[in-house]
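Engineer: Let me begin by handing over the structure; questions about it come next.
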Amino acid sequence: MEAIVSSNKTKPYKTHIFNAQMYLARVGVERKVVDYQRSQRIYSQGDPASDVLYIQEGGVKLSVVNPFGKEAVVAILGPGDFLGEGSLAFQSVRIRTATAITHTTLLVIEKNEMVRALHAEHEFSDRFISYMLSRNIRTEDALIDQLFNSSEKRLARALLLLTRYGSQGEPLKWLPKVSQEMLAEMIGTTRTRVNFFMAKFKKLGFIGFDGGLHINPSLLSVILHE
């Protein structure tokens, strides 16, 4: 699951880790494995909501398009995250578009099979509910971040989240290729501002570009700074 960094200047807290991949294999839930290449569309806004997906490897961008054609990135998900779970809440169509941001491997679970597993496997159900509660907290944090923090702090938080900082285990050393345009959409600012702050972070030693984008955990100081 994607890590959460609190936006109220408290320490980041750890998300509930839910390794559904191993559990689904153990209890025999029917599923299939599908690979997607970078920039490949997984599903589109308005498509039938017929299954739930679990990210085994890679990363997924969730975006929405308003009636005027403007796209906004609402989340970046990584290994251990579910997507398409709205189908379990009687959503008949997808309300977001999901796109792979790097080579991505997904477990695809048909909606009725997921419902069956949630009813029959109580441990799985408990863990899934805990996961969804953590996702709700993450969504609330992102909204607070958007409303009250500067674009510089929002960018720092987004970069740390992409490394899965604060989750159990070691953070990612190198980020998947994420464009400045995508970062700008994620935090609600312009590419020019993102470029300015990325240059600033590099000068301060918070990030580096040696062989890919490297994030130093000291970037957290940007969020905690008054």
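The values are calculated or read from the model by the stated rules, or taken from the named source; none is laboratory data. Since this is a predicted model, take the numbers as computed values, not measurements. Please note: Cβ atoms are built from the backbone with ideal geometry, for glycine as well, and neighbour counts cover all protein chains shown. Note: accessible area is taken over every heavy atom of the protein model, side chains too, but ligands, DNA and RNA are not part of it. Shrake-Rupley method; radii C 1.70, N 1.55, O 1.52, S 1.80 Å.
Engineer: What FRET efficiency comes out for Arg116 versus Val64 if R0 is 30 angstrom and r is the Cβ-Cβ distance? Round to the nearest 0.05.
Structural biologist: The value I calculate is 0.50.
Engineer: Say each of Glu30 and Ile137 gets a label point 7 Å from the Cα, pointing the same way as Cα to Cβ; how far apart are those two points in nm?
Structural biologist: 3.6 nm
Engineer: Hand me the GluC sites (Glu not before Pro) from segment 43-143 located in a DSSP loop with no more than 11 other Cβ atoms within 10 Å, in residue order please.
Structural biologist: none
Engineer: Enumerate the amide H contacts of Ala75 below 5 Å, restricted to partners 5 or more residues apart or on another chain; note that Pro and chain-start residues carry no placed amide H.
Structural biologist: Here Leu62 satisfy the definition.
Engineer: Which of the trypsin sites (Lys or Arg not before Pro) found in segment 25-75 are loop residues per DSSP with 13 or fewer other Cβ atoms within 10 Å of their Cβ?
Structural biologist: Values: sites: Arg26, Arg31, Lys32, Arg38, Arg41, Lys61, Lys70; in loops: Arg31, Arg38, Lys70.
For trypsin sites (Lys or Arg not before Pro) across segment 25-75 that sit outside H, G, I, E and B with at most 13 neighbouring Cβ atoms in 10 Å, the list reads Lys70.
Engineer: Kindly write out, for segment 85-93 in residue order, the coupling ³J(HN,Hα) from the Karplus curve 6.51 cos²θ - 1.76 cosθ + 1.60 (θ = phi - 60°), rounded to whole Hz, with x marking Gly and Pro.
Structural biologist: 3J(HN,Hα) across segment 85-93, in whole Hz: 5, x, 5, 6, 9, 6, 7, 7, 10.
Engineer: What length, rounded to one decimal in nm, is gained on full extension from Ser44 through to Leu224, with 0.36 nm per residue of separation minus their alpha-carbon distance?
Structural biologist: 61.1 nm
Engineer: Report the extension gain between Ala89 and Met22 in nm, rounded to one decimal, defined as 0.36 nm multiplied by the number of residues separating them, less their alpha carbon distance.
Structural biologist: Values: separation 67, 0.36 × 67 = 24.12 nm, distance 2.45 nm.
Here the segment from Ala89 to Met22 would lengthen by 21.7 nm.
Engineer: Post the alpha-carbon centroid distance, segment 194-226 to segment 123-162, in whole angstrom.
Structural biologist: 20 Å
Engineer: Any idea of Asp35's accessible area? Nearest 10 Å², probe 1.4 Å.
Structural biologist: 90 Å²
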